[in-house]
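Written out below as structure tokens is the structure these notes cover.
The values are calculated or read from the model by the stated rules, or taken from the named source; none is laboratory data. Remember, predicted model here, so these are calculated numbers, not experimental data. Using ideal geometry, Cβ is built from the backbone for each residue, glycine included, and neighbour counts are taken over all protein chains shown.
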Amino acid sequence: MRITLSLKSLAALSLLGLATSAAASTDSDFSATEHLYQQHCTVCHGAQRIGGTGPALLPESLGRIKKPEASKAISEGRPASQMAAFQDILSVEQIENMVAYLYTPIDNPPTWQDSDTRASHRLLADQGALPETPQHNADPLNLFVVVEAGTHHVTILDGDKFEPLTRFQSHFALHGGPKFSPDGRFVYFASRDGWVTKYDLHNFTMIAETRVGLNTRNLAVSNDGRWVLAGNYLPGNLVLLNADDLTLIKSIATVGQDGTPSRVSAVYTAPPRDSFVVALKDSHEVWELSYAGTPDFIPRRIIGQDYLDDFSFTPDYRYLLATSRKAHGGQVIDLDTGESITDIPLPGMPHLGSGIYWQRDGQWIFATPNISQGLISVLDLKTWQLIKEIPTEGPGFFMRSHENSKYAWTDVFFGPNQEAVHLIDKQTLEIAHTLRPMPGKNAAHVEFTNDGSHLILSVWDTEGALIVYDANTLEEVKRIPMNKPSGKYNVGNKIEFAEGTSH
Ligand code: HEC
């Protein structure tokens, strides 16, 4: 939405649809607030709150921030953006009512149809006319794509010199990791508000953009580079795009076998299976959509005994490990037969989507952080036995390693010790080191260089930084100040589906 052309037209579109569905459904308490919204906010956030020059203000999209933060944005505005302070225009009570109104689910939520997706599509460069080789001197497989969540920018970093090569504005609130074409030339982003963009890392230019929905979770790129599949919360569906130019192929409503509509939690690509695997939020099903040959993208339904909306795969993509409350933790599903083969006792709320695997004594093992308890669960991927629970200083979110590193890095993302990161010895399964890169500030996501010699850690703070470490000596090599750098993605590690990175 930061690309002015599309923003303006979208805002205009929203203005035309002034009769809001919310008006018909909200109770009368909201009518004064709604009137204020139309008076002061519609021009940027859209009559149906689906976004324009400003982001969507639907409960789904506001889920990423807490109510006090939304209230602060309205009263004080946001620095370096068009979001102005409203504290002199609206009373404290009016702002409070506004926040309540924005977070209230809408009975008749705005819709987004294929025609809207088609109308939003824009080609921003003629890909065929661009040079096919990198127009920079850095190693194209050792670039890092760094998402700056605080400023809605992306930095492309040279992974040998650790110097920024270029920086550009992204759509508001990128969500889910960016994904790459198999050759590493193109990177695809999804924003929370539903914008999918394609960027050329050889020429440092944006190729195309399309809005696929009102609230998007993430996207996946097929291993043959032909397709992009995005998964949405609003509307609950999958949207298939041509990876060349992001034109719409089709949208697929995600309705369970029993007729229940479902939101999509995440989409993944499973390279050895030539398929996309889809996690559904409101249905006990996992979908597999093959893209081999001439695909019809008709889903194969794998029926679970529970919601299977957070999962990971074994290195060969034969098995899926899913979080399941009914199974007291985790469940293993054989993707070939569709059968659940065993339950795994995992306490708390394991975050399997961030889990990683490595080899220990010649066996594949898998480790997952836990977002409700301070522990890392380690499993044997052959026997499915729990090998160890490693206590940490608090609940974590991300894990990363590299086949050349002896450590698995994990953060303490939540709670009072969020400044800490633990380095787990991959063989002894003990915490070997605990670092506190910037005391008092959240140390989070780590990503290795393609050769595993160095890694970059994010300090997730408005006055945060990227910190580069030597992966072996653990010495700090460089510190680049940055506003809330969230994820960083190494092109080579990502396209190789390297051991130690999550998917
Ligand atoms: C001139 C355009 C404009 C107007 C008018 C405007 N906003 Fe915004 N608003 C923005 C932009 C742009 C952002 C994103 C700022 C940023 O980069 O963080 C934003 C952000 C927000 C956010 C934070 C959303 C998030 O997900 O972080 C809230 C809440 C919000 N606006 C509410 C309102 C309300 C309520 C009104 C009317 C009283 C209003 N805005 C009027 C442009 C506008």
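Quick notes on this structure:
- Any hit, the range 362-385, residues being in contact (Cβ under 8 Å) with a residue 40 or more places away in the chain, of a type in the set (A, V, I, L, M) and part of a loop (DSSP other than H, G, I, E, B): yes
- Sub-8 Å Cβ pairs linking a first residue in the range 148-159 that is touching a residue at least 12 places away in the same chain (Cβ under 8 Å) to a second residue that is of a type in the set (A, V, I, L, M) and assigned to a loop (DSSP other than H, G, I, E, B), at least 6 apart or interchain, are A149/A173; T151/A80; H152/A173; I156/L201; D158/A138; G159/A138, ordered by first then second residue.
- Residue check, F86 within 12 Å of the ligand (Cβ to nearest atom) and not polar (S, T, N, Q): yes
- The number of residues in the range 296-325 that are under 22 Å from the mean Cα position of the chain (by Cα) and not in a loop (DSSP other than H, G, I, E, B) comes to 8.
- Within the range 142-158, no residue satisfies the criterion of being surrounded by fewer than 18 Cβ atoms within 10 Å (Cβ to Cβ) and either closer than 13 Å to R185 by Cβ or basic (K, R) (or both).
- Among (1) polar (S, T, N, Q); (2) in contact with a Leu (Cβ under 7 Å, 6 or more places away or on another chain); (3) at pLDDT below 95 - the single one S458 does not satisfy: (3)
- Condition met for F162 (within 18 Å of S61 (Cα to Cα) and touching a strand residue (DSSP E or B) at 6+ places or on another chain (Cβ under 7 Å)): no
- Looking across the range 136-168, the residues that are within 11 Å of the ligand (Cβ to nearest atom) and either β-branched (V, I, T) or modelled with pLDDT of 95 or more (or both) come down to T151, H153.
- Test: residue in the range 326-333 that is under 19 Å from the mean Cα position of the chain (by Cα), without any contact (Cβ under 8 Å) to a residue 40 or more places away in the chain and assigned to a strand (DSSP E or B): no
- The one condition in (1) within 27 Å of the chain's Cα centre (by Cα); (2) at pLDDT 95 or above that G52 fails to fulfil: (2)
- The range 67-82 - residue that is within 7 Å of the ligand (Cβ to nearest atom) and over 24 Å from the mean Cα position of the chain (by Cα) and, of those, farthest from T53 (Cα to Cα): I74
- Residue in the range 31-50 that is more than 7 Å from the ligand (Cβ to nearest atom), of a type in the set (D, E) and more than 30 Å from A230 (Cβ to Cβ) present: yes
- Sole exception among (1) in contact (Cβ under 8 Å) with a residue 24 or more places away in the chain; (2) in a strand (DSSP E or B) for R167, by number: (1)
- Per-region count, the range 193-218, residues farther than 25 Å from L57 by Cα and either among the aromatic types (F, W, Y) or not in a strand (DSSP E or B) (or both): 5
- From the list P395, P369, the one residue that fits, being within 24 Å of the chain's Cα centre (by Cα) and farther than 20 Å from E499 by Cα, is P395.
- Test: P182 is touching a helix residue (DSSP H, G or I) at 6+ places or on another chain (Cβ under 7 Å), assigned to a loop (DSSP other than H, G, I, E, B), away from the ligand (no atom under 16 Å from the Cβ) and more than 26 Å from G231 (Cβ to Cβ): no
- On inspection, S377 passes the criterion of being under 24 Å from the mean Cα position of the chain (by Cα) and farther than 23 Å from E496 by Cα.
- The set of residues in the range 482-503 that are touching a Phe, Trp or Tyr at 6+ places or on another chain (Cβ under 9 Å) and of a type in the set (D, E, K, R) comprises K484, K488, K494, E499.
- Taken together, the residues in the range 101-143 that are under 23 Å from the mean Cα position of the chain (by Cα) and among the hydroxyl-bearing types (S, T, Y) amount to 4.
- In the range 94-147, the residues that are in contact with a His (Cβ under 9 Å, 6 or more places away or on another chain) and among the charged types (D, E, K, R): E132
Residues are listed down the side, and each one gets a yes or a no for (1) farther than 30 Å from S405 by Cα; (2) among the polar types (S, T, N, Q); (3) outside any loop (DSSP other than H, G, I, E, B); (4) modelled with pLDDT of 95 or more:
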{"position": "Y268", "(1), (2), (3), (4)": "no, no, yes, yes"}
{"position": "D282", "(1), (2), (3), (4)": "yes, no, no, no"}
{"position": "T294", "(1), (2), (3), (4)": "yes, yes, no, yes"}
{"position": "I341", "(1), (2), (3), (4)": "yes, no, yes, no"}
{"position": "I344", "(1), (2), (3), (4)": "no, no, yes, no"}
{"position": "P347", "(1), (2), (3), (4)": "no, no, no, no"}
{"position": "G353", "(1), (2), (3), (4)": "no, no, yes, no"}
{"position": "Q359", "(1), (2), (3), (4)": "no, yes, yes, yes"}
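- Strands (runs of 3 or more DSSP E) fully within the range 403-495 that include at least 1 residues being under 19 Å from the mean Cα position of the chain (by Cα) and among the β-branched types (V, I, T): 407-411, 443-448, 454-459.
- Looking only at the range 124-147, and only at residues there that are without any contact (Cβ under 8 Å) to a residue 40 or more places away in the chain and in a loop (DSSP other than H, G, I, E, B), the one that is farthest from S453 (Cα to Cα): D126
- So S91, is it of a type in the set (G, A, S), farther than 26 Å from V187 by Cα and surrounded by fewer than 16 Cβ atoms within 10 Å (Cβ to Cβ): yes
- Residues that are basic (K, R) and touching a helix residue (DSSP H, G or I) at 6+ places or on another chain (Cβ under 9 Å), drawn from the range 27-77: R49, K67
- Flag if L102 is near the ligand (Cβ under 10 Å from one of its atoms), crowded, with 18+ Cβ neighbours inside 10 Å and within 17 Å of G52 (Cβ to Cβ): yes
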